[in-house]
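Right, one structure below, let's go through it.
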Amino acid sequence: MFWIMKNYHLPLLCAILFLQISSISSQPFISKAKDISLLFGDINRFSFGEAAFMDVGAISGNKAIVVYRDWGNLGFGTAKIGAFSDDKITFGDSVVFSASNTFLPKTKTVNDSVFLVVYRDMDQSGKGVIVKGILANNSIVFGQSLPFSSAMISSTSLIMMDSISFLIAYKDNGNNGFGTTRSGNLEEGEIILGQEYVFNEATSYENVLMRLSDTTFLISYRDAGNGEAGTLKIGEIINGNIVFNEAAVFSPSPAWDISVAKSNPDRFIISYSNNNETGESILGEIENGLVSFSDPMVFSETEISGTSTIAINDSVSVVSYSDEFNNGTGVSVLAKTVSGETTFGEPVVFNNEGSYTLNGVLLSDSSFLLVFRDEGNEFSGSAIIGKIGFDTSTGIAQNKNRLPHIYPNPSNGLVYLEGEGILKIELTDLNGQIISVFSTNENLIDLRGMDKGIYFLKIYGNGIFSTGKLIIQ
């Protein structure tokens, strides 16, 4: 494999990022990330009116906290507890944390009973606000909210640095849109805010934080002062002060909808939309004071939006996004890294309708939760659990059966099937309506009576769920 590297020296930390280039298969149903399968449960609604800007945090004890803007209740900031079992999730009652016009809520859990929420309060001129939530007996109680900015903010992010310390990043509209961070602590249950620190003296979008250690962190952003290039910096908290290293560009083109996940203490993955044209990811590893990038890996050759990146373990990550080429369809794709080589599997559709303001969280070593606005279901806030099987002897995610092979594609209507453990196949139209259901007694499906066009095939079986496009011509 030929690598093209760009080097950036970082004296503050020891950091090296290096990437592997991978290609994308043009044949549906044949995973290039071999032996990995991804299964989704049912979609579960947590709002019965229009919702937006949802985020989610995991709580031990098979629970999660969801926060969102509730359009059905005057745009109030709202939270719910979700309890999950296997691939199903049920939600409790709605609890309002902001009885005002609320945008961009983000949440992070502090421990099993405490979580924080930051948001933009339009009833306070768009100022950034933080509030603490307490969980008790499956109910939520919120404390007193506290502004953390003096002017309107956007592009917010929130992380916990340790059991009491947190960090907020945002675009400070009161200071020319500069990228800004602010630390804080929970002292005897009260929120105590530290000073503001500018990390980029230009308009900064996305502003996605990722914790590296108790005192170090990474922030990724779209830098309007440098052609909206995808950029990252590493920061360190020293005696309450924040110091930043020089910027490193990971995408010279505009990087939209950035998401970041850490797979181990020294490795992470960044996903983003490259100039609203393709979906790309970068893997990085931290070592010895250098930042190095190779060419990015493409996971979608068409326009995407709203990425969510979740590291399952050292070897496997899942990238979820809205497929703008297919009317915002919700899609996930698995990436597997073995012996320094990273490959992507085929995209798996988790919702055939528009799926926006997407976010996700790891639930366990083999499952994750996605939250999104379901535009095919009254724009409601919705959630779905994804699961991956693992070979315990290797720690590498893999399917008990090889992923099915459907060919030829495009087809004249005669479609051949190869695979083991398959129980049924559903043929759907682009709206997700089931047209036909097939058993697998034979390895040939006759679709010659179908109109020419694009369809979806959903394949179910023992440890198998696969979906993809079929073109009949």
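Could you calculate the FRET efficiency of N226 with D87 from 1/(1 + (r/R0)^6), where r is the beta carbon distance between them and R0 is 35 Å, rounded to 0.05? Mind dumping the intermediate values first?
Values: r = 43 Å, r/R0 = 1.24.
In this case the efficiency is close to 0.20.
Where a Cα-Cα gap under 14 Å defines reach, which aspartates and glutamates qualify for K452, not counting those fewer than 8 residues away within the same chain?
K452 reaches D429.
Decide, for region 207-365, between rounded, prolate and oblate: order the square roots of the alpha carbon gyration tensor eigenvalues as a ≥ b ≥ c, take rounded if a/c falls under 1.5, and otherwise choose prolate if a/b is larger than b/c, else oblate. Each step should come with its number before you reach the end.
Numbers: a/c = 1.75, a/b = 1.43, b/c = 1.22.
Cα axes put region 207-365 in the prolate bin.
Between region 154-227 and region 39-93, how many Å separate their Cα centres?
So the two Cα centres are separated by 25 Å.
At 7 Å along Cα-to-Cβ for each site, give me the label-to-label distance between N111 and N62 in nm.
2.4 nm
Going through the cross-link list K132/K262; K80/K132; K336/K387, which pairs have a Cα-Cα distance over 21 Å in this structure? Each step should come with its number before you reach the end.
Details: K132/K262 25 Å; K80/K132 14 Å; K336/K387 15 Å.
Check vs 21 Å cut-off fails for K132/K262.
In terms of modelled amide H atoms, which long-range or inter-chain residues lie less than 5 Å from the amide H of G126?
D121
Once you order the gyration tensor axes a ≥ b ≥ c over the Cα atoms, which shape class does region 169-289 get: rounded for a/c under 1.5, otherwise prolate or oblate by comparing a/b with b/c?
Working: a/c = 1.95, a/b = 1.32, b/c = 1.48.
Judged from the Cα gyration tensor, region 169-289 comes out oblate (a/c at least 1.5, b/c at or above a/b).
Only the coordinates and a few stated rules stand behind these numbers; no lab work does. Note that the coordinates shown come from a computational prediction; the quantities given were computed from them, not determined experimentally. Glycine gets a Cβ as well: all are built from the backbone with ideal geometry, and neighbour counts include every protein chain shown.
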